[in-house]
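The values are calculated or read from the model by the stated rules, or taken from the named source; none is laboratory data. Predicted model, so just to flag it, every value in this text is computed and none were measured. We place every Cβ from the backbone using ideal geometry, glycine too, and count neighbours over all the protein chains shown.
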Amino acid sequence: MTTVIREGWTTFKSIFTGMGVTIRHFFKPAVTELYPEEKVELPKGARAKLYVNIDDCIGCNLCARACPVNCIDIETVMATSDVDLGKTSTGNPKRFWLTQFDIDMAKCMYCDLCTFPCPTDCIYMVPEYEYSEFDRTNLVYHFSDLTPEKVDEVKEKAEKEAEEKKKERERKMKEKKAKAKDKAKSKPKPKPKPKQPDNKKDDEES
Ligand code: SF4
Ligand code: SF4
């Protein structure tokens, strides 16, 4: 009989304790996020997704070198002398075409190490987290804004200019060598030194 009364009291107490918690929270503001209807606001400095402001990129490759998992792929082509690519918003001169700037977010481990060495602060994390994909290849983000035709064009021009510069260097080198040879030929030959009297022989004779 005592056991039944004790158990009944425990049950009654548990119900009222639970209901007490429910009633207390009933009058407090709700904390539940109704995602995806309501978007979660990420805290400042959250690492969610990388973004590159390609207009400010100078193609220095520092971000790619800092990445511990090699998920940044950059290919640059030197701009030819007839092209002025201008400057970044931070005043750094742009000397390279960015023919490729890919970030594989499937490989990225969100360490943020790539953002620190950037001299123009053009690579940074953005508070965007809804980018899941069924196909992993869709997680490779392409930031270069050049069309394939433009890439071919700049590569061709750069190769041509590099070839011309190489030929010019070789021509100058040949000229320099030829001049040095002529100079060596026209240089008067040093006169032979007068022979020293053989003192040793004289000593022996005397
Ligand atoms: S956040 Fe880290 S892993 Fe991701 S690209 Fe930058 S350096 Fe690489
Ligand atoms: S470090 Fe910055 S400027 Fe240099 S290649 Fe990377 S994003 Fe571009």
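Please go through the range 84-107 and pick out each residue that is more than 16 Å from ligand 2 (Cβ to nearest atom) and closer than 25 Å to K39 by Cβ.
Within the range 84-107, A106 is the sole residue that qualifies.
Residue check: is V77 buried (at least 17 other Cβ atoms within 10 Å of the Cβ) and within 13 Å of ligand 2 (Cβ to nearest atom)?
no
Could you tell me whether L146 is within 16 Å of ligand 1 (Cβ to nearest atom) and in a loop (DSSP other than H, G, I, E, B)?
So L146 does not fit the description; no.
Of all residues in the range 66-80 being assigned to a loop (DSSP other than H, G, I, E, B) and within 16 Å of ligand 1 (Cβ to nearest atom), which is nearest to N92 (Cα to Cα)?
Here the answer is C67.
Per-residue answers, yes or no, for (1) of a type in the set (S, T, N, Q); (2) away from ligand 2 (no atom under 14 Å from the Cβ); (3) modelled with pLDDT of 95 or more:
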{"residue": "D56", "(1), (2), (3)": "no, no, yes"}
{"residue": "N61", "(1), (2), (3)": "yes, no, yes"}
{"residue": "M109", "(1), (2), (3)": "no, yes, yes"}
{"residue": "L113", "(1), (2), (3)": "no, no, yes"}
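Name the single residue, out of those in the range 35-54 being modelled with pLDDT of 90 or more and β-branched (V, I, T), that is farthest from ligand 1 (Cβ to nearest atom).
I54
Listed residues Y124, Y129; which is at pLDDT below 95, of a type outside the set (V, I, T) and either out of contact with any strand residue (DSSP E or B) (no Cβ under 6 Å at 6 or more places or on another chain) or under 27 Å from S89 (Cβ atoms) (or both)?
The conditions single out Y129.
Give me the pairs: first residue in the range 99-122 and touching a residue at least 40 places away in the same chain (Cβ under 8 Å) and part of a loop (DSSP other than H, G, I, E, B), second residue near ligand 1 (Cβ under 8 Å from one of its atoms) and small (G, A, S), beta-carbon distance under 6 Å, and six or more apart or on different chains, which are they?
Listed pairs, sorted by first residue: L113/A66; C114/A66; P117/A66.
C63: within 10 Å of ligand 1 (Cβ to nearest atom), part of a helix (DSSP H, G or I) and surrounded by 17 or more Cβ atoms within 10 Å (Cβ to Cβ), yes or no?
yes
Cβ-Cβ distance below 7 Å, separation of 6 or more or different chains: which pairs start in the range 29-57 with a residue that is in contact (Cβ under 8 Å) with a residue 60 or more places away in the chain and within 21 Å of T120 (Cα to Cα) and end on one that is away from ligand 1 (no atom under 16 Å from the Cβ) and acidic (D, E)?
What qualifies is I54/D145.
Looking at the range 128-136, can you tell me whether even one residue there is surrounded by 12 or more Cβ atoms within 10 Å (Cβ to Cβ) and away from ligand 1 (no atom under 16 Å from the Cβ)?
no
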